[in-house]
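Note sheet for the following structure.
The values are calculated or read from the model by the stated rules, or taken from the named source; none is laboratory data. What you see is a predicted model; the values in this text were computed from it and never measured. Cβ coordinates were reconstructed from backbone atoms using ideal geometry, including for glycine residues, and neighbour counts include every protein chain displayed. Each accessible area value is taken on the protein alone, full model and side chains, heavy atoms only, with ligands, DNA and RNA left out. Shrake-Rupley method; radii C 1.70, N 1.55, O 1.52, S 1.80 Å.
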Amino acid sequence: MKKLSISSIQKCKGSRKLVMITAYDALFARLLSESSDILLVGDSLNMSFGGNADTLSATMDQMIYHTQAVCKGAPDTFVITDMPFGTYMDETTALSNALRVYRETSADAIKIEGGADKAHLIKHLCDNGFAVCGHIGLLPQSVRAEGGYKVKGKNEHDALTLIADAQAIQQAGAFIIVIEGVIAEVATRVANSVSIPVIGIGAGNGVDGQVLVFSDMLGLYEPFVPKFVKQYMNGAVAVKEAIEKYADEVQTRSFPDENHVY
Ligand code: KIV
């Protein structure tokens, strides 16, 4: 698939759904990129790959390392890098960390969590030449502040706040927005309220595309499966069965056989 540009991503709005998926390494990036428009190096890697309870301890160094790997594995796919918690607290910090992403990786864009409250940061980054993806609704980086993962858009006030957030982010210069954990009808209203693509995760079918965490949708991450995740394969079972077979063949000396020796 030909690498999309920002303008071709934006032209998809209203014509075809965008396919985004997370990727954390070169091996999977190559596989996942075959049918995806955009790869997101999400800070969710701090949970599924880092083994942590939330995303909050992810660092810039980690994101740079994983983005470098993803860009090498999928050089012809549009890549967005998540800015981890604490790396965009103010304009100066945001700019210097975003600079690291562009200088040290070939990522095409960065993503920051937050709504109208982050619009000034998004504007500062866009004014300085960065392509920025917004992220509204359920914000995983706010899990400790909010005391858990809370679905958003449950009342009209919430809905209007989300619409205002999306419009503020668009106005600030973001080229795309991720909307997470939002009542489907509200997410649809949010998508209809802006002219840039709105990509949903746990936000129903009325948005401009979908994103899933690859280890969730491949059934590899067992500790917790959110309601919105569809598992397209049972990866954990497949891996465990393969390893069990390997262990058994090692024990019974049927591996290596004559086809696998020099
Ligand atoms: O970190 C991540 O993987 C994300 C997705 C949940 C959108 O931000």
From the options ASP117, ASP108, ASP82, ASP127, residue that is surrounded by fewer than 16 Cβ atoms within 10 Å (Cβ to Cβ), charged (D, E, K, R) and in contact (Cβ under 8 Å) with a residue 12 or more places away in the chain = ASP127
In region 168-193, how many are polar (S, T, N, Q) and surrounded by 18 or more Cβ atoms within 10 Å (Cβ to Cβ)?
-> 2
TYR88 meets each of (1) within 25 Å of LYS3 (Cβ to Cβ); (2) open to solvent by less than 50 Å² (accessible area, probe 1.4 Å); (3) among the aromatic types (Phe, Trp, Tyr) with one exception, condition (1)
Could you check how many residues of region 199-213 are within 9 Å of the ligand (Cβ to nearest atom) and either open to solvent by less than 10 Å² (accessible area, probe 1.4 Å) or out of contact with any Pro (no Cβ under 7 Å at 6 or more places or on another chain) (or both)?
-> 5
Is it the case that VAL70 is out of contact with any Leu (no Cβ under 7 Å at 6 or more places or on another chain), surrounded by 18 or more Cβ atoms within 10 Å (Cβ to Cβ) and assigned to a helix (DSSP H, G or I)?
-> no
Given (1) of a type outside the set (Gly, Ala, Ser); (2) outside the structural domain of ASP158 (by TED's automatic domain parsing); (3) exposed (fewer than 13 other Cβ atoms within 10 Å of the Cβ), number of the condition VAL239 does not satisfy | (3)
Residue check, ILE110 in a strand (DSSP E or B) and within 18 Å of ILE169 (Cβ to Cβ) | yes
Breaking point among (1) farther than 17 Å from VAL41 by Cβ; (2) open to solvent by 10 Å² or more (accessible area, probe 1.4 Å); (3) more than 15 Å from the ligand (Cβ to nearest atom); (4) in a helix (DSSP H, G or I), for ILE122 = (2)
What pairs can you find where one residue is in region 202-231 and free of Cβ contacts under 8 Å to residues at least 12 places away in the same chain, the other is crowded, with 21+ Cβ neighbours inside 10 Å, and their Cβ atoms are less than 8 Å apart, with a gap of 6+ or different chains?
-> VAL225/ASP216
Hey, could you check region 15-35 for residues that are hydrophobic (A, V, I, L, M, F, W, C) and within 16 Å of the ligand (Cβ to nearest atom) and say which is surrounded by the most Cβ atoms within 10 Å (Cβ to Cβ)?
-> ALA23
Mind checking which residues of region 1-32 are farther than 16 Å from GLN210 by Cβ and outside any loop (DSSP other than H, G, I, E, B)?
-> ILE6, SER7, SER8, GLN10, LYS11, ALA26, LEU27, PHE28, ALA29, ARG30, LEU31
